[in-house]
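Colleague: My questions will all concern the structure given below.
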Amino acid sequence: MNRISAATRISIAIVCLTITVLLGAQTLGLLPNAFQEALDGRKKLCESLAIYCSLAGRQGDVETVREAAVAIMSRNPEVLSLALRKADGSIVVQTGNHEKHWKELSGEKSTSTQVQVPLFEGKERWGNLQISFKPLAASGFWGFLHHPVFKLIAFIATAGYLVYLFYLRKTLQYLDPSSVIPGRVKAMLDTLAEGVLVLDKQERIVLANESFGSLIGRPAAGLQGTTVSKLPWSTPESDSAPSSFPWMAAITANTVQRGTALSLPGTDGGKRTVTVNCAPITGGDGNTRGALVTFDDVTVIEAKNTQLRNMLDMLKQSRDEIDRQNRELQALATTDPLTGCRNRRSFYSEFQTHWSRAERYNEVLSCVMVDVDHFKRINDRYGHSVGDQVLQHVAERLRSMVRDCDLICRYGGEEFCVVLPQTNLDAAKLAGERYRHAIETSPCGSIAVTVSVGVSSITLGAHTPLELLDQADKSLYGAKRGGRNRVASWDQVRNEGEIADRPNQVEAIAAADAQAKAPILFSAVSALMSALAYRDKGTAAHSQRVADLCVAASANLIPIADLFVLEVAALLHDIGKLGVPDTILLKPGPLTPEEWKIMRGHDQMGEEIIAAAFASPELTNLVRMHHAWFGGSPHVANLPQGEKIPVAARILSIADAYDAMTSDRVYRKGRSREDAFAELRRCAGTQFDPQLVERFIEAVLAREASHRHRSASATPRTALMIRLDVERLACAVEARNLSMLTELARRVASAAAEDGLLQVAECANEVQRAATGSGDVEQIRRLTDDLLKLCRSSPQPMTPAKAEIRPSAAA
């Protein structure tokens, strides 16, 4: 938007002042009043005509009056009509359309358009002279425009503005401060990319170059005399006006100001950011006369800085979100989903840390193995869903009793392991007895649960964490052999000679000795798996699934030491793919024969990586032997066959083949479980051990059945709590304890509503209302019976079809 020049503004101001003077003169009556003069003329005309009509009327000369009226109308265009009316209202003479133009007056008072003059004969009134005139001016806005004063003001405003503007432009040419600046200097300033201003002491612009005019979207010539602080400045951080300006600091403090950031509205509707530098201008006497100000447009740089800050904020948010997701994934990766305890792999890593600390600082360390007695019988009788509830119950009891520094893990199907740092053997025995007693005295619903406990300590000669686990595991089997529901320690089992009753004890001791010489650090296993996952997530996921399948199929088949080595071998059996080129490893399609040749070389690379990382011949041999065929290897020479292949290697071979068949690839769809089972059975006897194939299939089916029951009940712990409270509710009915009955009914309703069991929640609410209302025992008994039946027959996972958990006798 272009601002008007100083000469124009001054001209308009002088015109306004002149008009103000004219209006004052008009108010004081110093100017002629055309309206008043017109009224006086009409008054005189009416008086003269009244005298004439009065004389002629008394003589009865009507015709003379009519001729006079016609003559007056013809000579006075302002007269619209004229009438001579007698006192009785009859019209003697009229001209024009008097009836149309005349409106009866209120009283005797005339107006500017209607004049009525009374006529007398002697002292008696004999008639009236009525004359209608045109209005002196039009009504409303148009009447105002035709007012003589307005015409005078309009003339003076137009003519005066033009005369004043012409005069001021000629005069200001001699008063323009910029006229003293040579043209070459102005041209040089206009070539600068920065905006330049020369200001006087009152912040008024004396000179502006073209760059500054372009910056604010105004001609530079029209900025002279403008107060620069009144431009729409704002701070870059907000739209608020700045509290101070750098040029004022330069003028008042006589100091140079640098690097102040300000913003102005841009011509494109956005905001332009400038960096302001100011220097004072001093005269010959040393006093400050003004300031020289430069403006550097940094809008593009500031926009990029803003984008960079926004990007950094987004990256920070993304990093925080990734950290949160990583923490969640870490929790999922290290926690058993059913019991909430640590899983085996995270347990191995943490156990190694505790072991290293105990060795370094010569501290004691103990291990407790806990196994649920007759767990298979519970699964067979009540179903996997109730079996899962029992495991959750045992895990919850254990977690409630361990210390914060203790490490608790679900080691196997129904087996738990607790590592007790800085705890000797006697204290560990007492802890194991507390675990056993707490679980025995806290049944899971109406199911009595007992556990057998095995205890060992680092002081009993274990050289590795795995050997300590093996001692606790053997002690656990000693406790089971001694009758279950008891605690046995390694010193007792070893001294009583019960180790001979544990299967494969010779191989277990040999394996433990081997591990003592070449321990497998699970932290190194985790590092290699992280590297494999970074290189190829699909291969890492396959290795983890194979390890889970091996653990499931090897339960109660091989010693704990061999099971650990098998799990590590399953995790690392494809580690050699780290050395396969990406063009082959990540190829989205079938491989060529040459590429297959390179891919098969990863087996040898994997063996070399494992041998160099762990120096464990047993682990390296197991990874190599899992390629051996039960009926003889057709592609690889010098590999054993049949029963000479280690059991762990045969299991790993079956698990590896099964997961490879059932997994999706970019170039093919994975097979169904039934097709994979059929293929394993077809290759049984040639590639795979027939007996282990059937055992593997049984383990997979049992594992999937357990997972299916678990997924069908999103909150089995809540369902079990509801069932237990319903049983207690039945006891409260028999005891007629209404306060306990009300509280139990409220708990059942709340838990059922949260778990989506709406019918159970409504029935429990009815029990609560009956208990707090009428207190009718028979009604409460009937409602409680309905609630028990509903819990048994509910389609929700309250109680599986196979379950036969009987309520208490009171129910």
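The values are calculated or read from the model by the stated rules, or taken from the named source; none is laboratory data. Model, not experiment: these values are computed from the prediction. Because the Cβ atoms are built from the backbone with ideal geometry, glycine has one as well, and the counts that use them run over all protein chains shown. Areas reflect the complete protein model, heavy atoms only, side chains present, ligands, DNA and RNA absent. Shrake-Rupley method; radii C 1.70, N 1.55, O 1.52, S 1.80 Å.
Colleague: Around Phe564, what is the net charge, scoring Lys/Arg as +1 and Asp/Glu as -1 over all other residues with Cβ under 10 Å from its Cβ? The partial results should precede the final answer.
Modeller: Details: positive: Arg344; negative: Asp470, Asp562, Glu567.
Charge balance in the 10 Å sphere: -2.
Colleague: Quick one: which of Lys186/Lys230; Lys376/Lys474; Lys186/Lys271; Lys316/Lys577 span more than 22 angstrom between C-alpha atoms?
Modeller: On the way: Lys186/Lys230 24 Å; Lys376/Lys474 20 Å; Lys186/Lys271 28 Å; Lys316/Lys577 34 Å.
Exceeds cut-off: Lys186/Lys230; Lys186/Lys271; Lys316/Lys577.
Colleague: Keeping all protein chains in place and using 1.4 angstrom, which order do Arg75, Arg624 fall into by accessible surface area, from largest down?
Modeller: On the way: Arg75 195, Arg624 85 Å².
Heavy-atom accessible area, descending, gives Arg75, Arg624.
Colleague: Can you tell which of Ile584, Gln604, Leu571 lies farthest toward the positive end of the dipole of segment 562-637, using +1 and -1 charges on the Cβ of basic and acidic side chains (Lys, Arg; Asp, Glu)?
Modeller: Checked the options; the winner is Ile584.
Colleague: With +1 on each Lys and Arg Cβ and -1 on each Asp and Glu Cβ, how big is the dipole of segment 567-631 about its Cα centre, in debye rounded to the nearest 20?
Modeller: Values: 5 positive and 9 negative charges, 30 e Å.
Dipole of segment 567-631, to the nearest 20 debye: 140 debye.
Colleague: What order do you get for 652-659, 83-90 when each peptide is scored by the mean count of other beta carbon atoms within 10 Å, highest first? Present the calculation step by step, with values, prior to reporting the outcome.
Modeller: Working: 652-659: 23.9, 83-90: 14.8.
The peptides rank, most packed first, as 652-659, 83-90.
Colleague: Continuing with this model, one more query. If I compute solvent accessible area with a 1.4 Å probe over the protein chains, what percent of it on segment 233-315 is carbon and sulfur? Write out the running numbers ahead of the final one.
Modeller: On the way: 2620 of 4860 Å².
Solvent-exposed carbon and sulfur of segment 233-315 make up 54 percent of the total.
Colleague: Could you tell me how far the Cα centroid of segment 521-545 sits from the Cα centroid of segment 602-664, in Å?
Modeller: Between the Cα centres of segment 602-664 and segment 521-545 lies a distance of 18 Å.
Colleague: Among 20-27, 437-444, what's the highest-first ranking by average C-beta atoms within 10 angstrom per residue? Let's see the in-between values first.
Modeller: Values: 20-27: 12.4, 437-444: 16.0.
Averaged packing, sorted descending, gives the order 437-444, 20-27.
Colleague: Sort Asp785, Asp675 by accessible area with a 1.4 Å probe, largest first. Write down the numbers at each step before the final one.
Modeller: Working: Asp785 55, Asp675 85 Å².
Listed by decreasing accessible area, they come as Asp675, Asp785.
Colleague: Taking the Cβ of Pro421 as the centre, find all other residues whose Cβ is under 14 Å away and add up their charges (Lys, Arg: +1; Asp, Glu: -1).
Modeller: Details: positive: Arg357, Arg360, Arg403; negative: Glu350, Glu359, Glu363, Asp404, Asp406.
Net charge in that neighbourhood comes out at -2.
Colleague: Going from the alpha-carbon gyration tensor of segment 389-498, what semi-axes, largest first and in whole Å, does one get by taking the root of 5 times each eigenvalue? Present the calculation step by step, with values, prior to reporting the outcome.
Modeller: Details: eigenvalues 101, 52, 28 Å².
Computed over segment 389-498, the values are 22, 16, 12 Å.
Colleague: Using Cα positions and a limit of under 17 Å, work out the aspartates and glutamates in reach of Lys86, with same-chain residues fewer than 8 apart set aside.
Modeller: Asp61, Glu63, Glu99, Glu104, Glu108, Glu121, Glu124
Colleague: Continuing with this model, one more query. Rank these by accessible area, largest first, 1.4 Å probe: Lys577, Lys151, Lys44, Lys537. Spell out each step's value before the answer.
Modeller: Numbers: Lys577 40, Lys151 110, Lys44 140, Lys537 160 Å².
Largest accessible area first, the residues go Lys537, Lys44, Lys151, Lys577.
Colleague: Give the accessible surface of segment 11-119 per residue, rounded to a whole number of Å², with probe radius 1.4 Å and ligands, DNA and RNA excluded. Don't jump to the answer; show the numbers that get you there.
Modeller: Numbers: 6670 Å² over 109 residues.
I get 61 Å² per residue for segment 11-119.
Colleague: Figure the gain on full extension for Ser530 and Lys123 (residue separation times 0.36 nm, minus the Cα-Cα span) and round it to one decimal in nm. It would help to have the intermediate numbers written out before the result.
Modeller: Working: separation 407, 0.36 × 407 = 146.52 nm, distance 13.25 nm.
Separation in residues times 0.36 nm, less the Cα-Cα distance, equals 133.3 nm.
Colleague: Is there a quick way to get the dipole size of segment 160-296? I mean about its Cα centre, with the Cβ of Lys and Arg at +1 and of Asp and Glu at -1; what is the value in debye to the nearest 20? All intermediate terms of the calculation are to be shown ahead of the outcome.
Modeller: Details: 12 positive and 11 negative charges, 72 e Å.
The dipole magnitude comes to about 340 debye.
Colleague: A follow-up question, please. Just to confirm the filter: which trypsin sites (Lys or Arg not before Pro) across segment 401-476 are DSSP coil and have at most 14 other Cβ within 10 angstrom of their Cβ? The partial results should precede the final answer.
Modeller: Details: sites: Arg403, Arg410, Lys429, Arg434, Arg436, Lys474; in loops: Arg403.
Counting only loop positions with at most 14 other Cβ atoms within 10 Å, the trypsin sites (Lys or Arg not before Pro) in segment 401-476 are Arg403.
Colleague: Report the extension gain between Met311 and Leu105 in nm, rounded to one decimal, defined as 0.36 nm multiplied by the number of residues separating them, less their alpha carbon distance.
Modeller: On the way: separation 206, 0.36 × 206 = 74.16 nm, distance 8.53 nm.
Going from the current span to full extension adds 65.6 nm.
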